[in-house]
Amino acid sequence: GSLLWRGDYNVQDPGKITADVGLSGPRQRWTAVADYQHSDLVDAKYYSPGMNPGSNIPPEFITDIKMSTKQMLEHKYLLSLDGHDISSGLKWMLYSESCVFVVSPVTWDSWAMESLLEPFVHFVPIKADMSNVEEMVRWAHENDEKARQIAYRGKLWIYDL
């Protein structure tokens, strides 16, 4: 299976995404969509039901087909990416049966104490520059039982809170 990400471009001016904004959440989202556009291992798109016609985001980076949470949960691997702050989807992703991929180290914290989550224990780690996404998906494919255990421990983390 492929690694799934759907989300908003999360900035007022989408043109700012392509600017050198460091390794911020919006930049990581852009990289996931742009760099892995033709990947068989990564399915990452911006969701926008009505794209701003003045936007510089290529149309192939966008889908107007909304996926329900139930549909997303059919995927074995889910990618959680921050926006301007913590990923709002991380908690339900961890609670799912899916193996969650997260940029490491975790930089935001909430009531779920995300900074205490451990790579390869609760999630599969992704580098902040997004350069190892396909490598980590291949790792999960080749280590299916470990990926299942990571998914299980992520679920226990949220359940035990």
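The values are calculated or read from the model by the stated rules, or taken from the named source; none is laboratory data. Here the structure is a predicted model, which means the values were calculated and not measured. Ideal geometry is used to build each Cβ from the backbone, glycine not excepted, and the neighbour counts take in all protein chains shown.
Below, the figures for the structure above:
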| read-out | value |
| --- | --- |
| Strands (runs of 3 or more DSSP E) within the range 41-145 that include 1 or more residues in contact with an Asp or Glu (Cβ under 8 Å, 6 or more places away or on another chain) | 42-47, 99-103 |
| Output for the range 95-120, where each listed residue is under 20 Å from Gly83 (Cα atoms) and small (Gly, Ala, Ser) | Ser104, Ser110, Ala112, Ser115 |
| Which listed residue is under 16 Å from the mean Cα position of the chain (by Cα), modelled with pLDDT under 95 and surrounded by 16 or more Cβ atoms within 10 Å (Cβ to Cβ), from Glu97, Glu114 | Glu114 |
| Residue check, Lys146 farther than 18 Å from Ser88 by Cβ, under 13 Å from the mean Cα position of the chain (by Cα) and loosely packed, with under 15 Cβ neighbours inside 10 Å | no |
| Only one of Ile126, Ile158 that is of a type in the set (Val, Ile, Thr) and modelled with pLDDT under 95 | Ile158 |
| Matching option when the condition is free of Cβ contacts under 8 Å to residues at least 24 places away in the same chain and among the aliphatic types (A, V, I, L, M), among Leu156, Leu73 | Leu156 |
